[in-house]
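Data first, discussion second: the structure below is written as C-alpha cells.
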Amino acid sequence: MTALADTPAATDERLLETSLLRRLMGRPELGAVVGAVAVFLFFSVAAESFLRAPSLSTVLYASSTFGIMAVPVALLMIGGEFDLSTGVMVTSSALISSMFSYQMTANVWVGVGVSLLVTLAIGFFNGVMLVRTKLPSFIITLGTFLMLIGLNLGFTKLISGTVSTKTIGDMEGFPSAKAVFASHLTVGEVDVQITVLWWFALVAVATWILLRTHVGNWIFAAGGGADAARAVGVPVGRTKVGLYMAVALCAWISGQHLLFSYDVVQSGEGIGNEFLYIIAAVIGGCLMTGGYGSAIGSAFGAFIFGMTNKGIVYANWNPDWFKFFLGGMLLLATLLNAWVRKRAEATK
C-alpha cells in the first residue's frame with residue numbers, strides 16, 4: 001500500500017518537472033535571452049569600458065529609444081500584421097507638437113495634446129483601412145509611410161521655411177514636458193534616462209495584456225488564424241484597429257521624447273527605423289506569420305540592439321559594421337527561435 005501510495009506522488013512530480021521544461025522551451029523570448037547573454041559577455045570581453053556604469057546607462061538608453069516602439073510592433077506582429085510607417089510616424093508626432101505650439105503661440109502641452117489626437121488618428125486610419133479593404137498590411141502602411149514622408153517635409157517647409165522646426169525651448173510648459181518625456185534620474189553616479197522607465201512600464205503593461213486578459217487571447221487568435229478566430233467570436237477587426245492605435249500611442253511617446261530632447265526636429269528623421277523595430281521584435285521571438293511572440297522578447301531584442309550599437313563604439317571598431325552585425329544577429333536569432341519551437345513541439 002505504501003508503494004502504491006508513493007507512486008502517484010512520484011509520477012505527479014515528474015509530470016510537473018516535464019511541464020516546467022516544456023514551458024521554458026516554449027517561451028518565445030528564450031532565444032532572445034540566450035542571445036542577449038551571449039552579446040553581453042562578448043562585449044564585456046571585447047570592450048574594456050563596456051561594464052562601466054556610465055556605459056551600461058548609455059546602452060540602456062539606446063535600447064529604450066527603440067524598445068518603446070518594439071513593444072507595440074511585437075504585439076502587432078503577434079496579431080499577424082506589420083506597420084512600415086512607424087519610423088516616420090514618430091517624426092510626424094514630434095513635428096505636429098512643435099509646429100502647432102509655435103504657430104499658435106500656446107502652451108506646449110496644447111501641441112502635445114493635439115499631436116496625441118492626430119497620431120492616434122493615423123493609427124486608426126491604418127487599422128480601418130486594413131479591416132475595410134482587406135489589403136495586406138504591407139501595402140496599407142507602405143502607403144502611409146510615403147504619405148507621411150511627404151507631409152512631414154511639405155508642411156515643415158511651408159510653415160517654417162526650412163526642413164526643421166523652430167525652437168520652442170522658451171515657451172510655457174516646455175520644462176514640465178521635458179521632465180515627462182526627456183528628463184533623467186540620477187541613481188548614485190549613473191544617469192538613467194526617463195525613456196528607460198517608459199520602456200519598462202510599456203513592457204510590463206503589454207505582458208499583462210498578452211498573458212492575463214481576454215484582449216491578449218484575441219491578439220494571439222487573430223494572428224494565428226483570423227477566420228478561425230472570427231468563428232469563435234473574437235472581434236478580429238477591432239483587435240487589429242486597437243493594435244495599430246497602440247503603435248501610434250507609442251510613436252507619440254517616442255516623438256515627444258525626440259522633440260523635448262533636442263528642441264527642434266528635422267523633417268527627414270525616422271526613415272528606416274521601422275525596420276529596426278521589426279528586427280527587435282523578430283529577434284525577440286515574434287514570428288513573421290503571426291500568432292507567436294512576447295513583449296518581453298521584444299525588450300531583449302531591443303537590448304541586443306542597444307548593446308551592439310554602443311558596444312561597437314566602446315570596442316573602438318568602425319561603426320560602419322553595425323548593420324552587418326545587426327543583420328547577422330537577425331538571422332541567427334531567427335534560426336535559434338525556429339530550433340527552440342521545434343524542440344518545444346517535439347516534447348509535446
Please state which one of 269, 274 is among the acidic types (Asp, Glu), modelled with pLDDT of 90 or more, open to solvent by 30 Å² or more (accessible area, probe 1.4 Å) and on the phi < 0 side of the Ramachandran plot.
269
The lone condition residue 234 fails out of (1) in contact (Cβ under 8 Å) with a residue 24 or more places away in the chain; (2) surrounded by 17 or more Cβ atoms within 10 Å (Cβ to Cβ); (3) outside any helix (DSSP H, G or I); (4) not acidic (Asp, Glu) is (1)
Please state which one of 306, 291 is crowded, with 17+ Cβ neighbours inside 10 Å and assigned to a loop (DSSP other than H, G, I, E, B).
291
Flagged in the range 172-191 as of a type outside the set (Ser, Thr, Tyr) and surrounded by fewer than 18 Cβ atoms within 10 Å (Cβ to Cβ), in numbering order, are 172, 173, 175, 179, 180, 184, 185, 187, 188, 189, 190, 191
In the range 248-266, anything within 11 Å of residue 95 (Cβ to Cβ) and open to solvent by 20 Å² or more (accessible area, probe 1.4 Å) is listed as 258, 264, 266
Write out, first by first residue and then by second, each pair whose Cβ atoms fall under 6 Å of each other, whose residues are 6+ apart or on separate chains, and whose first residue, in the range 214-230, is open to solvent by 70 Å² or more (accessible area, probe 1.4 Å) while the second is assigned to a helix (DSSP H, G or I) and hydroxyl-bearing (Ser, Thr, Tyr).
218/239
For the range 156-183, how many residues meet the condition of being over 20 Å from residue 108 (Cα atoms) and touching an Asp or Glu at 6+ places or on another chain (Cβ under 6 Å)?
0
Give me the residue from the range 74-105 that is open to solvent by less than 10 Å² (accessible area, probe 1.4 Å) and among the hydrophobic types (A, V, I, L, M, F, W, C) and, out of that set, farthest from residue 290 (Cα to Cα).
95
For residue 176, all conditions in the list (1) more than 25 Å from the chain's Cα centre (by Cα); (2) modelled with pLDDT under 95 hold save one; what is the number of the exception?
(2)
Filter result (more than 11 Å from residue 83 (Cα to Cα), loosely packed, with under 15 Cβ neighbours inside 10 Å and not aliphatic (A, V, I, L, M)) within the range 128-152:
132, 133, 134, 150
Among residues belonging to the range 163-179 that are touching a residue at least 40 places away in the same chain (Cβ under 8 Å) and either in a helix (DSSP H, G or I) or among the polar types (S, T, N, Q) (or both), point out the one that is nearest to residue 237 (Cα to Cα).
177
Report yes if residue 155 is within 19 Å of residue 247 (Cβ to Cβ), open to solvent by 10 Å² or more (accessible area, probe 1.4 Å) and in a helix (DSSP H, G or I), otherwise no.
no
Filter the range 98-119 down to the residues that are more than 24 Å from residue 143 (Cβ to Cβ) and polar (S, T, N, Q) and list them by number.
98, 101, 103, 105, 107
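The values are calculated or read from the model by the stated rules, or taken from the named source; none is laboratory data. Please read all numbers here as calculations on a predicted model, not as lab measurements. When we count neighbours, we look across all protein chains shown, and the Cβ atoms used for this are built from the backbone with ideal geometry, even at glycine. Quick note on the areas: whole protein, heavy atoms, side chains included, nothing else; ligands and nucleic acids left out. Shrake-Rupley method; radii C 1.70, N 1.55, O 1.52, S 1.80 Å.
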